[in-house]
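Read through the structure below, which is laid out as structure tokens, and then see the notes.
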Amino acid sequence: MQKTVSIKDLIRKDNNKNKLKMGVEKTVPFLLFALASISILTTVGIVSTLLYETFLFFRDVSIIEFFTNTEMKPLSRVEPSFSILPLLSGTVLISLVAMLVAIPIGLTTAIYLSEYASVNVRKAVKPVIEVLAGIPTIVYGFFAFTFVTPLLREFIPALQATNALSPGIVMGIMIIPLVASLSEDAMNSVPKAMREGALALGATKLEVTMRVVIPAAISGIIASFVLGISRAIGETMIVTIASGSSKNLTFDITQSMQTMTAYIVEVTSGDAGAGTTAYYSLYAVAFALFFFTLIMNMFAGYISRKYREAY
Amino acid sequence: MKELALNSNEKTTQKQYMNLAKVNRRMTARLLINNVVKYLFFASTMFGLVILAFLMYQIFSDGLGWLSMDFLTNRLSTLPERAGIIGAITGTVWLMFIVGPVTMVLGIGTAIYLEEYAKKGKFHSFIQTNITNLAGVPSIVFGLLGLTIFVRMFGFGPSIIAGGLTMALLVLPIVVVASQEAIRAVPSYLREASYGMGATKWQTIKNIVLPASIAGILTGVILALSRAIGETAPLVAIGIPALIVPIPSSITDNFTVLPMQIYYWTIDSVLVDEYASMAAATIIVLLAVLFLMNSVAIIIRNKFQKRY
Amino acid sequence: MKKYLVALSIAALTVFTAACGSDDNSADAGELSGSVSIDGSGTVYPLMSRIADEFMTIEDVSVEVGRAGTSAGMQKYVVGETDFSNASRPIKDEEVAELDANEIESKEFKVALDGLTLVINPENDWATELTEEEVKTMFVTGNIKDDDKVLWSDIRPEWPAEEINFYGPNENHGTYEFFVDVIIEKQDLVAGINLQQEYSTLVSLVSDDKNGIAFFGFGYYVNNDDKLKAVSIDFGNGPVAPSLETIGEDGPYANFTRPVFTNLNLDAAKEKPQVKAFAEYIFSTGAADFAGETGFAPLPDEELAEALEFVQNLK
């Protein structure tokens, strides 16, 4: 069987194949670009829905009133009043309690793991602590409501059944792994030579940690704190379950109070029908929440970039 | 530094070298503090572990009694003795079926675009910053996005498709970042060898880069899935009804998932005392599923991870 | 790589076909099938979900019960999204107008009676009885003191001179509307009243607060009568404790009793046999059998029979 092969045909065939190949080569980047733009579309979607409905809200309620008024009674039929301050005080207070737990314990855990623990101990302990970060927040909410609050009330009788303290503490526990692992990363990237130099000068391990390692890793450590705060502000289920829904402007952590996130849950699962002012207030609060967490995250990114010391 | 300064002061005024007793005292104190603090740090590290143990103990002692085959296979009911979580389990599986493929396509596509195609410039860093920031947006805000766009605008209602798409957007940054890291870890000589053989860019990506990074990508997808099935807040926002007895059978069906069931049983424990234990039993199931998924992720990572 | 892509597309396809397939054959299981969607009041939810639960053991129908709140449920109902809308208050004129605009035929039915209950801490051994007048006075702002720091001794001098802490469900609840509109006749509530979204929170708040007093539906009290004490109310003929017997329509507690409702989309009932069947079930057995268990007083038999007849005659 003899088959004649024409070189011309072969070239044509190859060209056709190449055309197809080049076609794929040209379309693939556009396809991938389209996929990549979904993430931008998501942001655009979030910002535009929040902005639009927030705008509708501020047609009914003055923006100054929203930030200066102290009474939050969105559904009151006598005289509805809108103010973000009670929600802000709840958010700030609970986040503060959370950070009072998460920062000292997270940082000291990071120091222990990075500076003191042997390789084996670190290998064993680190994943277990990270399990804490993988537990769904609804589980923490259940834990705060059914175990921690009753336990705390043994010691603090004035504590209400829903309060700011218990969800704050539990949220702090949830944030420990975040602070610990980010701070530990920062400390680990401090070069060994710096530690050894200090040790050779006669410093104790503690002094090396406090005067050499921490100052050198400070930007990463602070970034971990800021990210922790941002996480606390955005946490929803723990506070929805365990801190109640009182919208009072108070700084008493034994009382029930509501955070911005819990307010969003209350309104979406509650009675405010689309089109009412109370419904739009939801978006104004969500916009504030989005804005605060965004600022925090960008700030964390900024400090860890700006003050990162390159070794 | 202070101590040194002090010593040199002493030296000049008293014309004397160091006071040995004083140095010893200071040295002992420093070492003592060092040791005490070391145990303090250790104790604080243990704090997290103790809390974890306590949490597990409480939940298991509360919920283990309710865990039975009937509880796992019965449908939801308002009566504790009849209630089961098969509907929530099925709903969770359905949710994964949406979140998995959607995040894989979007996440891997975005990562390839960013790592292989996009010119490093303003636009590249814009997308990158955008993804980093999306990762930090509170989940409840994603819930509002889902409520406004998928539930209301598209008219999906609180269905599997609406919940799944909302969750997919929420966990997308996890997949993107994991895929980016996996793709970046593929050494450039592999790519160059492929180009050298005459392969085109897309052929190189398809035949060399993706197979080499698939373990890292899959690990990211599994982590994203385990985040998605534990999230509650976005689903609360899109308005999942409290009592859904039937088992969902299509993506347009309304559904419930394990965390939603935990949520409703926890706040309803005032109506029926047993609900609290049922919530704890559901938590055990949820944690078991998460543990399983994370184990799979670790196995994949160890089995497929190639060292270059 | 092809392998992965193939596997992926097969997986996606399976999901897709499974999704489409099951849609089709859901129509041929048993005598009745399909779904009934219900949303609305959280107060009615325990009763309605209990009825739905029992109905589903008899028929292969999926009944979905939500509890977004009376008004939120109505929002969905007036556009035809739901078949039933539970309500703890009568339907409003604007809601009727919207139903008309959407050409939906609807009827409101009473399903049970709920007795508004005032609860106190079990350690409170003085305020176990209040007159109707005292309740109306103490919960209204400015009635006793300008700053609303009301002491028990301001109500009856022999009671302790300790400040009363007021609690109640928030504006999301029909119970709130009933209390404000009917009982205190649209006056303002005392300042500083602690309004909560979840009944669980209210129960635990009052069960720890010796000076607390709260109002909510009887159902939430009976389920927690070990942690709370109900106040007997004197409507002029001596104190009456709320109970399933006394909160009935002609019972001595009737002044604090209100009906709870469900609205039925008549078009849906005519078109979908499962909706009609569920409506019949509510009025033939459900409402009577499960009201007591969930803390409501059942309606008189005649009223239920009348509703049943109306539903049965729908064509």
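The values are calculated or read from the model by the stated rules, or taken from the named source; none is laboratory data. These numbers were taken from a predicted model, which means no experiment stands behind them. So basically every Cβ, Gly included, is an ideal-geometry build from the backbone, and we count neighbours across all protein chains shown.
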Leading residue by the ranking (surrounded by the fewest Cβ atoms within 10 Å (Cβ to Cβ)) among those in the range B:272-308 that are within 19 Å of A:Phe143 (Cα to Cα) and within 14 Å of chain C (Cβ to nearest Cβ): B:Asp273
Qualifying residues in the range C:166-182 (those that are modelled with pLDDT of 85 or more and surrounded by 19 or more Cβ atoms within 10 Å (Cβ to Cβ)) - the one farthest from C:Ala72 (Cα to Cα): C:Phe166
Subset of the range A:124-150 (residues that are more than 12 Å from A:Ile238 (Cβ to Cβ) and at the interface with chain B (Cβ under 7 Å from one of its Cβ atoms)): A:Val125, A:Val128, A:Ile129, A:Val131, A:Leu132, A:Gly134, A:Thr146, A:Phe147
Condition met for A:Pro74 (of a type outside the set (Gly, Ala, Ser), over 25 Å from the mean Cα position of the chain (by Cα), outside the structural domain of A:Ser269 (by TED's automatic domain parsing) and surrounded by fewer than 22 Cβ atoms within 10 Å (Cβ to Cβ)): no
Residue list for the range B:234-265, filter: more than 23 Å from the chain's Cα centre (by Cα), polar (S, T, N, Q) and in a helix (DSSP H, G or I): none
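Out of the range A:232-241, which residues are crowded, with 24+ Cβ neighbours inside 10 Å, part of a helix (DSSP H, G or I) and out of contact with any Gly (no Cβ under 6 Å at 6 or more places or on another chain)?
Of everything in the range A:232-241, those that are crowded, with 24+ Cβ neighbours inside 10 Å, part of a helix (DSSP H, G or I) and out of contact with any Gly (no Cβ under 6 Å at 6 or more places or on another chain) turn out to be A:Ala232, A:Gly234, A:Val239, A:Thr240.
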Single condition A:Val44 does not satisfy, out of (1) part of a helix (DSSP H, G or I); (2) farther than 24 Å from B:Thr166 by Cα; (3) among the hydrophobic types (A, V, I, L, M, F, W, C): (2)
Some residue of the range B:111-126 being within 9 Å of another protein chain (Cβ to nearest Cβ), under 26 Å from B:Leu218 (Cα atoms) and of a type in the set (Gly, Ala, Ser): yes
Residue count, the range B:241-271 (criterion: facing another protein chain (nearest Cβ under 9 Å), under 17 Å from A:Met237 (Cβ atoms) and among the β-branched types (Val, Ile, Thr)): 3
Every residue from the range B:161-220 that is part of a loop (DSSP other than H, G, I, E, B) and more than 25 Å from A:Ser37 (Cα to Cα): B:Pro187, B:Met197, B:Gly198, B:Ala199
Out of A:Val97, A:Val170, sole residue that is at pLDDT 95 or above, surrounded by 18 or more Cβ atoms within 10 Å (Cβ to Cβ), within 16 Å of A:Thr259 (Cα to Cα) and within 12 Å of chain B (Cβ to nearest Cβ): A:Val170
Matching option when the condition is within 18 Å of B:Ile267 (Cα to Cα) and crowded, with 24+ Cβ neighbours inside 10 Å, among A:Phe143, A:Phe147: A:Phe143
Any hit, the range A:98-107, residues being among the aliphatic types (A, V, I, L, M), outside any loop (DSSP other than H, G, I, E, B) and either within 15 Å of A:Ser281 (Cβ to Cβ) or not assigned by TED's automatic domain parsing to the domain that holds A:Val226 (or both): no
Output for the range C:265-280, where each listed residue is buried (at least 22 other Cβ atoms within 10 Å of the Cβ) and of a type outside the set (Lys, Arg): C:Asn265, C:Ala269, C:Gln274, C:Val275, C:Phe278, C:Ala279
Boolean, A:Glu79 is within 13 Å of another protein chain (Cβ to nearest Cβ), surrounded by fewer than 22 Cβ atoms within 10 Å (Cβ to Cβ) and touching a Ser or Thr at 6+ places or on another chain (Cβ under 8 Å): no
Checklist (1) more than 7 Å from every other protein chain (Cβ to nearest Cβ); (2) over 20 Å from the mean Cα position of the chain (by Cα); (3) buried (at least 24 other Cβ atoms within 10 Å of the Cβ) applied to B:Gly220, failing item: (2)
Search result, residues across the range B:112-165 that are more than 30 Å from A:Thr240 (Cβ to Cβ) and basic (Lys, Arg): B:Lys119, B:Lys120, B:Lys122
Residue in the range C:245-263 that is more than 19 Å from C:Phe178 (Cα to Cα), in contact with a Phe, Trp or Tyr (Cβ under 9 Å, 6 or more places away or on another chain), more than 14 Å from every other protein chain (Cβ to nearest Cβ) and not in a loop (DSSP other than H, G, I, E, B) present: no
Segments classed as helices (runs of 4 or more DSSP H), wholly inside the range A:138-217, with at least 2 members that are within 19 Å of the chain's Cα centre (by Cα): A:165-188
Residue in the range A:195-216 that is more than 14 Å from chain B (Cβ to nearest Cβ), touching a helix residue (DSSP H, G or I) at 6+ places or on another chain (Cβ under 6 Å) and among the polar types (S, T, N, Q) present: no
Complete set of residues in the range C:175-200 that are touching a Phe, Trp or Tyr at 6+ places or on another chain (Cβ under 9 Å), farther than 21 Å from C:Asn143 by Cβ and facing chain A (nearest Cβ under 10 Å): C:Gln196, C:Ser200
Some residue of the range C:160-178 being closer than 21 Å to A:Pro80 by Cβ, among the charged types (D, E, K, R) and either in contact (Cβ under 8 Å) with a residue 12 or more places away in the chain or touching a Leu at 6+ places or on another chain (Cβ under 9 Å) (or both): yes
Residue selected from the range B:98-110 under the condition among the hydrophobic types (A, V, I, L, M, F, W, C) and crowded, with 20+ Cβ neighbours inside 10 Å, by the criterion nearest to the other protein chains (Cβ to nearest Cβ): B:Leu106
Some residue of the range C:276-287 being in contact (Cβ under 8 Å) with a residue 60 or more places away in the chain and more than 21 Å from the chain's Cα centre (by Cα): yes
Test: B:Gly157 is more than 19 Å from the chain's Cα centre (by Cα) and at pLDDT below 90: yes
Some residue of the range C:297-314 being in a helix (DSSP H, G or I), in contact with an Asp or Glu (Cβ under 6 Å, 6 or more places away or on another chain) and surrounded by 17 or more Cβ atoms within 10 Å (Cβ to Cβ): yes
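Applying the selection to the range A:108-133, what residues are of a type in the set (Ser, Thr, Tyr), assigned to a helix (DSSP H, G or I) and over 13 Å from B:Met46 (Cα atoms)?
A:Ser114, A:Tyr116
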Test: residue in the range A:110-118 that is surrounded by 22 or more Cβ atoms within 10 Å (Cβ to Cβ), within 25 Å of the chain's Cα centre (by Cα) and either closer than 30 Å to B:Ala281 by Cβ or among the hydroxyl-bearing types (Ser, Thr, Tyr) (or both): yes
